[in-house]
Amino acid sequence: MAKNARIIGTGRSYPEGILTNADLERMVETSDEWITQRVGIKQRHKAAEGEYTSQFAVAASRQAIERAKIDPAEIDLVICATVTPDQILPSTGCLIQTELGAHKAAAFDVVAACSGFLYGLTLANQMIRGGQSRYALVIGAEILTRYVDYTDRSTCVIFGDGAGAAVLAADDDAERGILATRIRSDGRYAEQLFAPGGGTRLGHSAESLAAGDYYFKMRGNELFKVAVRSMAEVSREVLEEAGCRAEDVKLFIPHQANQRITDSVADKLKVDPSIVYSNIAYHGNTSSASIPIALDECIEAGRVAEGDLVLLASFGGGVTWGGVLLRW
Ligand code: COA
């Protein structure tokens, strides 16, 4: 009999360094008032020089594994969602696997920007349901601030660093765990959020570095509309697939990109604002880490109880989007 995939432990970690709106006011032509009103961010974590992505991924994973009460050696799948890996080769997943002592696992990275964690959950769910995995570790981890141009006010106020992790286990209870998943992408919108440098196309020349090709470039206005449309659409799709209604959802965690995006999606879905989680004010947009960090905070704050319907929705560069519905 196919088993369900259930989250049995979560964790989070982020750098100690904090970049406030007041700090940004000293760097670019912006204001705390503009950032607060247009995006909803007050501060974001920022890694110090020398810190790297897998450090935070490992810390978040250790917490998730401890809470799951399993031995790292029992983990058979490690999926790290990231667009800011430690290095080109090997995958950050392999580096994390080694640090954790999860030597039996298949480890790899998923590159789906802010939807990466939901892509990872979707893959882990299928591996567990297919009987190929018993304990899977899914991580979202980013040091986005390394790729942010701190002279570009339209992007530098948005992104922050951090990591979140979840351990999934195969479970016989058909009523609990992941009920439905949906992941999508549309590369025709690739230039809404992209970093062209650092790969084989533009190379690693001094010219490319000087031109700022490594930095994130964004068409925020266009992305905003795609974000609202796609997150609302994918949320409806997973609800429909599981035979559930939006009003049954007890906790809604959208990707934390912009408070106005969150509010618009919640409004479109007609969910009660009190069930919508937001931490963007103090984390900013941490891309693939945003949903697992938020989920871990919700669990810690007692915002999710056994039997609750939990809806996760994301969108990001690619563009990519995804939805996951769980019965806690
Ligand atoms: N401080 C002050 N003014 C700023 C600013 C900043 N940090 N960033 C942009 N502006 C200015 C613009 O230059 C523009 O000025 P102008 O009218 O004189 O040309 C004005 O604000 C409006 O710009 P616009 O881009 O239309 O603002 P917006 O309301 O769309 O907000 C974003 C910009 C980026 C906050 C918003 O579009 C957004 O959040 N989009 C989605 C981005 C996203 O989620 N990215 C991550 C994907 S996972």
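The values are calculated or read from the model by the stated rules, or taken from the named source; none is laboratory data. If you're wondering where the values come from, they're calculated on a predicted model, not measured in any experiment. Note that we place each Cβ from the backbone using ideal geometry, even for glycine, and neighbour counts take in every protein chain shown.
Can you report the number of residues in the stretch 98-118 which are touching a helix residue (DSSP H, G or I) at 6+ places or on another chain (Cβ under 9 Å) and over 16 Å from Ser290 (Cα atoms)?
Adding up the residues that qualify gives 11.
Based on this model, can you work out whether Val234 counts as at pLDDT 95 or above and touching a Phe, Trp or Tyr at 6+ places or on another chain (Cβ under 8 Å)? Please lay out each step first, then the result.
Working: at pLDDT 95 or above: yes; touching a Phe, Trp or Tyr at 6+ places or on another chain (Cβ under 8 Å): yes.
Judged against the criteria, Val234 is a match.
Name the one entry in Ala165, Ala190 that is among the small types (Gly, Ala, Ser), within 30 Å of Val249 (Cβ to Cβ) and either outside any loop (DSSP other than H, G, I, E, B) or touching a strand residue (DSSP E or B) at 6+ places or on another chain (Cβ under 8 Å) (or both). Before the answer, list the steps.
Working: Ala190 fails: within 30 Å of Val249 (Cβ to Cβ).
Within the list Ala165, Ala190, the selection yields Ala165.
Here is a list: Thr155, Thr122, Thr181, Thr98. Which entry is modelled with pLDDT of 95 or more and within 16 Å of the ligand (Cβ to nearest atom)?
On the way: Thr122 fails: within 16 Å of the ligand (Cβ to nearest atom); Thr181 fails: within 16 Å of the ligand (Cβ to nearest atom); Thr98 fails: within 16 Å of the ligand (Cβ to nearest atom).
Result of the check over Thr155, Thr122, Thr181, Thr98: Thr155.
Among the residues of the stretch 263-302, what is the count of those that are free of Cβ contacts under 8 Å to residues at least 60 places away in the same chain and buried (at least 24 other Cβ atoms within 10 Å of the Cβ)? I'd like the intermediate steps shown before the answer.
Keep residues of the stretch 263-302 that are free of Cβ contacts under 8 Å to residues at least 60 places away in the same chain, which gives 263-277, 279, 298, 300-302.
Cutting the leftovers down to buried (at least 24 other Cβ atoms within 10 Å of the Cβ) gives us 265.
Qualifying residue count, the stretch 263-302: 1.
Please work out which residue is nearest to the chain's Cα centre (by Cα), limiting yourself to the stretch 277-300 and to residues that are under 12 Å from Ile253 (Cβ atoms) and away from the ligand (no atom under 16 Å from the Cβ). Please lay out each step first, then the result.
Applying the first criterion (under 12 Å from Ile253 (Cβ atoms)) to the stretch 277-300 yields 277-280, 290-299.
Narrowing the set further to residues that are away from the ligand (no atom under 16 Å from the Cβ) leaves 277, 295-299.
Working: Tyr277: 14, Leu295: 10, Asp296: 12, Glu297: 14, Cys298: 15, Ile299: 16 Å.
My answer is Leu295.
Does Asp32 count as within 16 Å of the ligand (Cβ to nearest atom), charged (D, E, K, R) and surrounded by fewer than 21 Cβ atoms within 10 Å (Cβ to Cβ)?
On the way: within 16 Å of the ligand (Cβ to nearest atom): yes; charged (D, E, K, R): yes; surrounded by fewer than 21 Cβ atoms within 10 Å (Cβ to Cβ): yes.
So Asp32 passes the test.
When the residues of the stretch 201-219 are narrowed to those that are near the ligand (Cβ under 9 Å from one of its atoms) and assigned to a loop (DSSP other than H, G, I, E, B), which ends up farthest from the chain's Cα centre (by Cα)? Steps first, please.
Here is the first cut: in the stretch 201-219, the ones near the ligand (Cβ under 9 Å from one of its atoms) are 216, 218-219.
Cutting the leftovers down to assigned to a loop (DSSP other than H, G, I, E, B) gives us 216, 219.
Working: Phe216: 17, Arg219: 20 Å.
Result: Arg219.
With respect to Glu222, determine if the residue is among the acidic types (Asp, Glu), away from the ligand (no atom under 12 Å from the Cβ) and either at positive phi or not in a strand (DSSP E or B) (or both). Show your work before the answer.
Working: among the acidic types (Asp, Glu): yes; away from the ligand (no atom under 12 Å from the Cβ): no; either at positive phi or not in a strand (DSSP E or B) (or both): yes.
Judged against the criteria, Glu222 is not a match.
If Lys46 satisfies every condition in (1) surrounded by fewer than 20 Cβ atoms within 10 Å (Cβ to Cβ); (2) more than 15 Å from the ligand (Cβ to nearest atom) but one, which is the exception?
Every listed condition holds for Lys46 apart from (1).
Which residue, of Glu222, Glu241, Glu237, is out of contact with any strand residue (DSSP E or B) (no Cβ under 9 Å at 6 or more places or on another chain) and either charged (D, E, K, R) or surrounded by 14 or more Cβ atoms within 10 Å (Cβ to Cβ) (or both)?
Working: Glu241 fails: out of contact with any strand residue (DSSP E or B) (no Cβ under 9 Å at 6 or more places or on another chain); Glu237 fails: out of contact with any strand residue (DSSP E or B) (no Cβ under 9 Å at 6 or more places or on another chain).
Unique residue meeting the criteria: Glu222.
May I ask you to list the residues in the stretch 138-152 that are surrounded by 17 or more Cβ atoms within 10 Å (Cβ to Cβ) and either within 17 Å of Leu24 (Cβ to Cβ) or at pLDDT below 95 (or both)?
Those that are surrounded by 17 or more Cβ atoms within 10 Å (Cβ to Cβ) and either within 17 Å of Leu24 (Cβ to Cβ) or at pLDDT below 95 (or both): Leu144, Thr145, Arg146, Tyr147, Val148.
Those residues that are touching a strand residue (DSSP E or B) at 6+ places or on another chain (Cβ under 7 Å) and in a helix (DSSP H, G or I), I need them from the stretch 131-162; list them, please.
Restricting attention to the stretch 131-162, the residues satisfying the condition of being touching a strand residue (DSSP E or B) at 6+ places or on another chain (Cβ under 7 Å) are 133-145, 148, 154-155, 158-162.
Passing the criteria: Leu144, Thr145, Ser154, Thr155.
Going through the stretch 70-91 one residue at a time, which ones are out of contact with any Phe, Trp or Tyr (no Cβ under 8 Å at 6 or more places or on another chain) and closer than 13 Å to Leu137 by Cα?
Across the stretch 70-91, the qualifying residues are Asp71, Pro72, Ala73.
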